[in-house]
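Okay, so here's the structure we're looking at.
The values are calculated or read from the model by the stated rules, or taken from the named source; none is laboratory data. From a predicted model like this one, the values you see are computed outputs, not experimental measurements. FYI the Cβ positions are ideal-geometry reconstructions off the backbone, even for glycines, and counts take in every protein chain you see. Please note that ligands, DNA and RNA were not included when accessible areas were found on the heavy atoms of the full protein model with its side chains. Shrake-Rupley method; radii C 1.70, N 1.55, O 1.52, S 1.80 Å.
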Amino acid sequence: MSTPIIKPQTLRGFRDFLPAMMIPRLQIIEAAREVYSQYGFSPIDTPALEYTEILLGKGGNETDKQLYRFEDQGGRDVSMRFDLTIPFARFAAQNIGVLGTPFKRYHIAPVWRGERPARGRFREFVQCDFDTIGTDSLAADIETILVVHDLLDKIGIGEFTIRINHRQLLNGLLEQLGLLEHSKELLRALDKLPKIGKEAVVKEMVDTTGVESGKAEQVLKLAALQGEPEAILEEARSLISSSELGQQAWSALQEITQACSNIGIASNRLSLDLSIARGLDYYTGLIFETFLTDLPDMGSISSGGRYDDLAGLYTKQKLSGVGGSLGLDRLLAALDEMKRLDEVATTSQILVLRFVENRLADYQKISRVLHQAGIASEVYPEAKALSKQLKYADRKKIPLALISGEDELAQNVWQLKNLRTGNQLTVPADQLAETVKAELNQL
RNA sequence: GUGCCCAUAGCUCAGCUGGUUAGAGCGUCGGAUUGUGAUUCCGAAGGUCGCGGGUUCGAGCCCCGUUGGGCACCCCA
């Protein structure tokens, strides 16, 4: 009787990452780090676990946040973070004294939510957040849009649209209509506009708040505006004219859209969409979501906005800010579906074949020479038939192979084979690194 | 958390109204080819039909539960 084996399985909504998925994953993280750094955001990290009271704050309950919550070995009530913003609020409250303002950070890390998994939705996923806190300047709002734009552009995910809106514009409208007290329900209904349509939204508004359907339709009138940002703003002007907050929001949106346009953001990539409401209640100003043109139903792959009191729960110091988040795993699910992921199974650029068994040292030595020249090289471990070794390179999609037996070793030359083209060159040892580099550049 | 659909070899799937030893393609491994891969040819391995229970003379197929996946609500990256 052998020992019964334990069924290997991962938890629902949790996943393994094979090299073919992990390599593009790291490429995106690398792209995000580059763009964030270029704009002056600094990296930080925080613990995966926090005191539950920190994460729950005042509003919201445990099931609302879909928390993984438990008691630790010391009897503390702890939970796994469900986003990076709340931990950042705690972090800022605790550390802003030594950091100073304005403070710009980025944070790339996994978060956990015990919600039902679906397409592009997992229980463990990585967010790539960036925020600027300690300034009310619209410069930071504009920069936030630029960062999202540059990052998605760099990743090469195809066409996308960043849809922006402003919380106070909606509130201004509600104020003018005398509906401010119902803003939460109304905004939640409004958020569903693209999905369920105008009539259903009006119905939900009436059902949940008891407002007259005529007023609900007026809310929709603003949200349903389509077209160029300038035109929409022009239309919206009169709808919020009696609200001071609304007018401020209006000016902010105008400044943001104009700045983006002047800076050179393509007009199809930034649109004003007054139906965007965002579920999260801490947003108070600019809000945005980003959709892929080819896969709009994947949901927003990057979203964020401005808040005027990030850390009010944890400190008396008022910290306003603006930021965004890129959903790495949702983005990867989209890339996967669009068949835009490279089929790469290794990072090696060249495979050194172990042709002659007792010449291993020569093969490892040349591999190190390549490493020192910045080339990713590996030596096949066994002196199997060359066809087997080449097949390994094939499967891993390694583009080059280095083949040398006794004859070449005696002459101090190497056979460099390009596995994509089948071409083969005889290269003297001292020219190998540069020849390999030249070959790689041509791929 | 509620409702619905799905689960057969590493992958994609076939398997008739429940009826003997469960199949294919691709992949893997070995060989044709002891100095050259992704083509071709030959051969092999690999499944307690997700798991547990029930109905039945008999279950991959029917019923219940459970785990995992998908879709719609909900929420969101």
Seminar exercise, completed: On the formula 1/(1 + (r/R0)^6), with r taken between the Cβ atoms of residue A:192 and residue A:6 and R0 of 56 Å, the FRET efficiency rounded to 0.05 is 0.80
Exercise. Hey, got a sec? Which trypsin sites (Lys or Arg not before Pro) in region A:149-207 land in a DSSP loop and have at most 16 other Cβ atoms within 10 Å?
Worked result: A:192
Problem set entry | Whole-Hz ³J(HN,Hα) from phi, Karplus 6.51 cos²θ - 1.76 cosθ + 1.60, for region A:76-88, glycine and proline x | 7, 8, 10, 9, 7, 5, 9, 7, 9, 6, 4, x, 5
Exercise. How large, in percent, is the carbon and sulfur part of the accessible surface of chain A at a probe radius of 1.4 Å?
Worked result: 48
Problem set entry | Qualifying lysines (Cα of each under 17 Å from Cα of residue A:192; at least 8 residues distant if same chain) | A:184, A:203, A:221
Seminar exercise, completed: Non-local residues with an amide H under 5 Å from the amide H of residue A:270, with H modelled 1.01 Å from N and Pro and chain starts lacking one, are A:162
Problem set entry | Under 18 Å from the Cα of residue A:7 - aspartates and glutamates, other chains or at least 8 residues apart | A:16
Problem set entry | Fluctuation leader among A:196, A:108, A:301 - chain A, Gaussian network, Cα springs under 10 angstrom | A:196
For this session: Any lysines with Cα under 24 Å of the residue A:365 Cα? List them, leaving off those in the same chain fewer than 8 positions away.
Result: A:384, A:388, A:391, A:396, A:397, A:417, A:437
Seminar exercise, completed: Answer in debye to the nearest 20: the dipole magnitude of region A:344-443 about its Cα centre, from +1 Lys/Arg and -1 Asp/Glu charges placed on Cβ, is 480
Seminar exercise, completed: Here the relative contact order (percent) of region A:245-370, from C-alpha pairs under 8 Å and at least 6 apart, is 13
Problem set entry | Positive-end residue, chain A charge dipole about Cα centroid, Cβ charges, pick of A:373, A:307, A:130 | A:373
Exercise. Where only protein heavy atoms count, and the probe is 1.4 Å, what is the accessible area per residue for chain A in Å²?
Worked result: 51
Exercise. At residue A:248 and residue A:261, where each label point lies 7 Å from the Cα along Cα→Cβ, what is the point-to-point distance in nanometres?
Worked result: 2.5
For this session: Just the number, please: percent antiparallel of the DSSP beta bridges in chain A, rounded to the nearest 5.
Result: 80
For this session: Give the longest segment of chain A that steers clear of GluC sites (Glu not before Pro) in DSSP loops with at most 14 neighbouring Cβ atoms within 10 Å, not counting the sites themselves.
Result: A:213-342
Exercise. How large is the dipole of chain A about the Cα centre if only Lys and Arg carry +1 and Asp and Glu carry -1, each at its Cβ, rounded to the nearest 20 debye?
Worked result: 1220
